[in-house]
Every structure is written in structure tokens, then in C-alpha cells.
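The values are calculated or read from the model by the stated rules, or taken from the named source; none is laboratory data. What you see is a predicted model; the values in this text were computed from it and never measured. Cβ placement follows ideal geometry from the backbone for every residue including glycine, while neighbour counts extend to all protein chains displayed. In case anyone asks, the SASA skips ligands and DNA or RNA and just uses the protein heavy atoms, side chains included. Shrake-Rupley method; radii C 1.70, N 1.55, O 1.52, S 1.80 Å.
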Amino acid sequence: MFNSKEEELTEMARYFLEPANSTHRQYEALRAFFVDNLSSDEAARRFGYTPGSFRVLCHQFRNNPERQFFCPPKKGPHVPKKKDTVRDKVIALRKKNLSIYDIKDHLKEDGVSLSPPAVSQILKEEGFAKLPRRRDEERPDKTRAEIAETADVRNLNLDPRSFRTKFGGLFLFMPYLTRLPFDRIMKQAQLPGSVQVPASHAIRSLLALKLYGNARSSHVMSDVLDDGLALFVGLNRIPKRTFLSEYSCRVDPASYPKLMTLWFDALSGLGLTRGGSFDLDFHTIPFHGEKALTEKHYVSKRSRRQKGILAFLAQDAGNRVFCYANADVRKSDQNDEILRFTEFWKDRTGSYPDELIFDSKLTTHANLNILNQRHIRFMTLRRRDKGLLDAIHKEPRSAWRRIELENVTRAYRTPRILDHKIELSGYDGFIRQLAVKDLGHEEPTLLLTNQLRASPAKLISRYARRMIIENSIQDGIDFFHMDALSSAVAMKVNLDLQLTLMGSSLYHLLGQDVGRGYEVAKSRHIFRDLVDTPAHIQLSNDTIKVHLSRRAHNPLLIAAGFQDMEMTVPWLDNRTLAIKFK
């Protein structure tokens with residue numbers, strides 16, 4: 001090694017002056033460090049190194065000054081790639097009209113493992129075109145995916161046999177569907193159908209997937225061979241994704257209001273309880289495509305505006321079941337959607353709703369006046385602007401009074417309120433405004449209501465159940481997958497919303513019959529405890545027995561009367577279906 005620093009610098013200078021060693025930025029960096037006396041950190045920073053990597057480079061050079069750090073590497077003899085060694089053989093096999101998979105198998109017999117993409121790349125480089133698609137009978141006899149039969153109601157097989165299905169819990173909804181005039185409803189709604197798959201069978205197929213929490217109808221492909229799912233629908237096989245995706249595009253938009261009305265009337269005869277208080281909200285179903293006539297709406301989960309389809313939903317606040325939906329809402333008429341819902345409810349029940357709860361962007365002051373004239377109690381948030389907040393902050397502390405919220409599980413149970421009667425443009429008379437502080441928000445919350453005599457604690461407690469208003473439709477977003485639509489066609493969204501209404505009401509009927517808290521449980525909870533269970537199905541000449549697997553919550557179903565429940569199923573040749581528990 002070097003005897004002194006001067007000798008080291010001299011040797012370094014000599015080395016750096018050699019042309020072969022002056023081709024890379026490592027040379028400049030080491031020269032700055034050894035010759036120009038820059039510190040290692042300064043040299044590393046100037047030439048784009050990390051201090052650690054530069055110190056390693058200096059260390060290696062100190063220990064071996066003769067090392068050829070900067071010379072280009074010498075190229076050794078070229079080793080041909082594996083696919084180049086068999087190129088000629090691949091070409092010869094293609095000239096025999098063999099497919100890339102057949103070529104791969106021939107090469108494997110010769111001990112050469114080459115993937116189909118590599119074979120395809122060789123043929124593409126040599127200018128070979130793709131072979132025409134072969135018919136099934138022309139393909140070699142190999143293991144391949146099993147092809148399910150085409151869905152056809154005429155091929156429904158009810159011969160005596162037994163089989164297992166993972167969709168056993170679906171048959172818990174059979175008592176409600178058999179008591180409904182299901183086929184007549186679909187006919188009166190003028191839904192499309194065919195000889196192979198009538199309208200009622202098509203809707204039952206989509207409804208079955210919705211009841212089982214499938215995100216998209218295309219996910220049916222993993223279950224097309226399940227005999228239990230096809231039996232529930234009344235077909236030999238469940239329709240495949242092509243049919244289910246295309247079916248909704250054939251539905252006349254005028255059929256959706258008819259279907260919603262007919263379904264609503266039919267469920268009234270099944271004992272579905274109806275409340276008087278409703279949570280209303282708009283929900284934007286995002287659209288991710290291009291060149292569609294969709295408007296931009298605010299998407300709360302993304303805190304931004306983007307193209308989407310605006311859906312209006314009304315949910316019964318008592319039993320949390322959807323009772324109204326509309327996806328044909330445009331910006332020009334979205335403010336009047338609340339009035340259309342009240343008219344729908346009056347047509348079906350004979351009276352307007354008792355109470356409506358919604359947020360500040362749902363409608364206008366003029367429509368609030370119409371609700372008040374119809375004697376409908378309402379409560380909504382008010383938008384906070386700077387002038388309004390300044391006026392509230394100027395109120396003396398003595399004007400505020402503290403109240404205590406009852407039956408509300410939250411950290412802030414003793415807010416302060418400012419209770420005033422105010423006037424609004426477009427609203428006749430006085431309306432009540434509650435300014436609420438100490439609810440965990442930086443600015444006061446403003447509530448508007450026409451309930452002039454109700455206690456503030458009661459009003460705030462009622463709104464506290466949906467302080468984040470979007471959570472009131474979380475069940476539909478979470479379990480029924482309203483956000484999982486992959487198409488921009490508004491009719492598909494409309495059909496999905498109608499199926500959500502139907503599925504939500506069927507889940508509530510099941511929870512209502514089971515009781516023990518399931519009356520207000522979310523659909524996902526009911527599905528997990530009661531519906532998500534396999535079954536063993538036995539078909540005989542006149543009966544169908546569904547033996548549900550042993551589950552911890554089966555005693556609740558037995559207590560609800562599902563044990564040995566028998567019903568006649570019209571779409572299964574009027575066979576008697578019985579539900580049993582192991």
C-alpha cells in the first residue's frame with residue numbers, strides 16, 4: 001500500500017490520467033475525493049451517490065488500486081436463448097398445422113420446456129398467422145373445463161335423486177316467494193322473457209345472486225354447475241353471465257315503476273311492517289367508462305365530483321328496509337324527487353309519510369314548504385355559510401342552553417343548543433332552526449324542522465342516528481353491492497336497484513320471523529348467521545326435501561317455524577318443498 005498521503009495522491013492522479021479509466025462518473029467522483037481533496041460526503045452529494053455507497057467505492061479502490069473499475073465489461077461468447085435452439089423445430093411443427101399448445105407438448109416430449117407464449121412469439125417473429133379456431137370435435141382429447149348446459153326451463157329435471165349444494169340457505173326465502181304471485185307480477189310488469197328462460201325465471205336468477213351477496217352477475221360462472229341454485233330458480237341450469245348481463249338491457253324503462261309498485265303491494269300481504277319515518281338520500285354510483293351521457297355528481301366516499309348515475313333511495317328508519325328507489329334522476333329534476341316519493345307512498349298506502357329525514361342538498365326551500373302543507377314532518381341539515389355562522393357566533397353565551405341526549409350511545413351527550421324560529425325564502429311562515437354545539441364538530445350543526453313543539457333532545461337524538469347521512473344506506477352499498485356495477489347503461493343500474501329493493505325486503509321478512517334482534521339487523525349479519533349454509537337436497541316423485549347443515553343458529557330457525565315447513569312451489573311442477581334441519 002502507499003507509504004504517505006502524498007504518494008497515494010500521486011498514484012491516484014497517475015491512474016486517473018489513463019484514457020481507459022476516464023469514461024465514467026465514478027472517475028470524476030474519486031478524482032474529486034483523492035485529488036481535489038473534497039470530503040467523501042461532498043463528493044457523493046455532487047455526483048449523485050449516497051454517502052455509504054461512495055465510501056464502499058473508495059474502500060475498494062484503496063485496497064486494490066489496479067482494479068479496472070471503469071472499463072467496459074468484456075463480452076463473452078454469446079449463448080443462444082432456449083427458444084432459438086428450437087426455432088427450426090417450432091417452424092416445422094407449425095407447417096403441419098399444429099397449434100401452439102400441441103407444439104409445446106411435442107417439445108416437452110423431446111425434453112424441451114417452452115411456454116405457449118414463447119412458442120407464439122417465435123411464430124410471430126417468423127411471420128406465421130394465427131390458425132383458425134378449431135371445432136370442439138377437432139380438439140385433442142385432453143382435460144378441459146366442463147361446459148354447463150344451456151339454461152332451458154323445458155329441460156328441468158325433477159327425477160328422484162339427491163345432491164349437495166352450497167346455496168341451501170336460499171331456500172329459507174322460498175316460503176315468501178311461493179306466497180307471492182311472482183309469475184303474475186313479472187308478467188304485469190311486462191318484463192322480457194323467452195320460451196327457454198321466462199321473465200320470472202330470469203328475475204329469480206338475478207334475485208338469487210343478489211340474496212347471496214354476489215357483487216356482479218358475472219360471478220355466477222363459478223356456480224353454474226350447482227344443482228341447488230338451478231333448482232331454486234326453476235331451471236335445469238342457472239343462466240350464464242352473458243344472458244344475465246344482456247337481459248337488463250332488454251328491459252323497458254317503463255317496467256321499473258310497475259315492478260316496484262307491484263312488489264310493494266304484494267309484500268303488504270305478507271305481513272311486512274311499514275314504518276312512518278324514512279331516511280332519504282341520493283347516492284352516486286360511479287361510472288368509469290367513456291363517451292356516456294352521464295352527468296357529474298358528488299361521490300362522498302371519494303370527496304370529489306365525477307361522472308356517475310344519481311340514485312334516490314328511501315329507507316324505512318324503523319326496520320331499515322328499502323322501500324323506494326329511482327336511478328333515472330337528472331340534475332334538472334333531482335330537487336323534486338322527494339315529492340315523487342311522497343306521492344308514491346300516498347298512492348300505495350292512502351296517506352303521506354309521517355316523517356322524512358334528509359340532508360341539506362336533497363331539495364329546496366320551496367319543496368320544504370310543500371311538505372309542510374302536506375302535513376309531513378321533516379328534519380334536514382342547513383348549509384352553513386360565513387354570514388350565518390358569524391350571526392350565530394355573535395349570540396351571547398346566555399342564549400345557549402345545555403340539554404342531555406337520551407338513548408344515544410355517543411361521547412357527546414350534553415350539547416348546547418340555540419333554538420330559534422326563522423323565516424326562509426320560498427317557505428311560508430316560520431321554520432324552526434336548532435344550532436347545536438359540543439357534538440364533536442368544530443362548527444355548530446344547524447337543523448331545520450317544521451316540528452315547532454317537539455323537544456330539542458328528541459329531535460337531535462333522532463337525527464343523531466344518521467348524523468353521517470350516507471350511513472343509512474350502507475347496507476345496500478355493503479351487502480347488495482350497489483357500487484359494483486360495471487356498466488354505464490342506466491337500465492342496468494335501475495334493474496339492480498329494483499333487485500336491491502326486493503332482496504332487502506325479503507331479508508327483513510326473514511329477520512322479522514326469526515326475531516331476537518334480527519328484525520333490525522343488517523342483511524350481511526342475517527346472511528352470515530342464517531343464510532350462508534350448505535344443504536343436502538333429496539328429490540322424490542312428489543316432494544323436495546332440503547336438509548340444512550348443522551349450524552349454531554339453526555335453533556332460531558326451528559323456533560321460527562321453519563322446521564318441517566312445507567309449501568307448494570308453482571315453478572317446480574307444484575312439488576311440495578320441505579325444509580329440515582340435521
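The table below lists the values:
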{"quantity": "Size of electric dipole in region 123-213: Cβ of Lys, Arg +1 and of Asp, Glu -1, about Cα centre, debye, nearest 20", "calculated": "340 debye"}
{"quantity": "Extension gain, Ile147 back to Ser194 (0.36 nm per residue minus Cα-Cα distance, nm)", "calculated": "14.7 nm"}
{"quantity": "Loop-located chymotrypsin sites (Phe, Trp or Tyr not before Pro) in region 100-163, at most 15 other Cβ atoms within 10 Å (DSSP)", "calculated": "Phe128"}
{"quantity": "Cα gyration tensor, region 166-219 - rounded (a/c under 1.5), prolate or oblate", "calculated": "oblate"}
{"quantity": "Under 13 Å, Cβ to Cβ, from Arg453 - net charge with Lys/Arg +1 and Asp/Glu -1", "calculated": "+3"}
{"quantity": "Whole-number accessible area per residue in Å² for region 371-450, which is evaluated in the context of all protein chains at 1.4 Å", "calculated": "61 Å²"}
{"quantity": "Carbon plus sulfur fraction of accessible area for region 146-222, probe 1.4 Å, in percent", "calculated": "47 percent"}
{"quantity": "Whole-Hz ³J(HN,Hα) from phi, Karplus 6.51 cos²θ - 1.76 cosθ + 1.60, for region 312-325, glycine and proline x", "calculated": "9, 10, 10, 10, 5, 5, x, 9, 6, 10, 6, 10, 7, 7"}
{"quantity": "Region 333-419, relative contact order [Cα under 8 Å, separation at least 6], %", "calculated": "21 percent"}
{"quantity": "Region 96-226: relative contact order in percent, alpha carbon pairs under 8 Å with at least 6 residues between", "calculated": "19 percent"}
{"quantity": "For region 350-364, Karplus couplings with θ = phi - 60° (6.51, -1.76, 1.60), whole Hz, Gly/Pro x", "calculated": "x, 8, 6, x, 6, 8, 10, 10, 7, 9, 6, 9, 6, 8, 10"}
{"quantity": "Translational diffusion of region 310-460, µm² s⁻¹ [Kirkwood Rh, Cα pairs; Stokes-Einstein; 20 °C; 1.002 mPa s]", "calculated": "126 µm²/s"}
{"quantity": "Under 20 Å from the Asp347 label point (7 Å along Cα→beta-carbon), backbone N, region 319-334", "calculated": "322-330, 333-334"}
{"quantity": "Surface per residue (accessible, 1.4 Å probe) for region 118-203, Å²", "calculated": "62 Å²"}
{"quantity": "Among the listed pairs Lys331/Lys386; Lys210/Lys437; Lys240/Lys346; Lys522/Lys582, those beyond 31 Å (Cα-Cα)", "calculated": "Lys210/Lys437; Lys240/Lys346"}
{"quantity": "Calculated Rg and Dmax of region 112-251 using C-alpha coordinates, Å", "calculated": "20.3, 67"}
{"quantity": "Gyration tensor verdict on region 169-262 (Cα atoms; rounded if a/c is under 1.5, prolate if a/b is larger than b/c, oblate otherwise)", "calculated": "oblate"}
